[in-house]
Amino acid sequence: MAPIRLQGKNYALFIGGLVGLIGLACYPIIIHPMMNPEEYKKIQKINRANVRQDEIQPGNMRVWSDPFKPREDKPN
């Protein structure tokens, strides 16, 4: 059986279908969370309710803070 050659309209439909499938697969993973962050923020707040960040911080590092705010633990 000879391989099928895609030319013209069939080639465009094939490539368009591939791009469409990739876009369809990316929507629930990338686009939906970026367009609707409230739902994910609520889930994250529930999941992190009992986590004390000071206790799980590795290597005695400071917990993340605003990088533009002056440090409170270091005198000027």
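The values are calculated or read from the model by the stated rules, or taken from the named source; none is laboratory data. Owing to the predicted nature of the structure, the values given are computational and were not obtained by experimental measurement. Positions of Cβ are backbone-derived with ideal geometry, glycine not excepted, and every protein chain shown enters the neighbour counts.
Take the stretch 46-62 and flag every residue that is at negative phi and not basic (K, R).
Across the stretch 46-62, the qualifying residues are I46, N47, A49, N50, V51, Q53, D54, E55, I56, Q57, P58, M61.
Go over the candidates I22, I15, I29, I56 one by one and state the one that is out of contact with any His (no Cβ under 9 Å at 6 or more places or on another chain), modelled with pLDDT under 90 and of a type in the set (A, V, I, L, M, F, W, C).
Every option except I56 fails the conditions.
Could you tell me whether the stretch 55-63 includes any residue that is of a type in the set (S, T, N, Q) and surrounded by 10 or more Cβ atoms within 10 Å (Cβ to Cβ)? Quick ask: steps written out before the conclusion?
Taking the stretch 55-63 as the starting set, the residues that turn out to be of a type in the set (S, T, N, Q) are 57, 60.
Now narrow it down to the ones that are surrounded by 10 or more Cβ atoms within 10 Å (Cβ to Cβ): 57.
Checking the stretch 55-63: at least one residue is of a type in the set (S, T, N, Q) and surrounded by 10 or more Cβ atoms within 10 Å (Cβ to Cβ).
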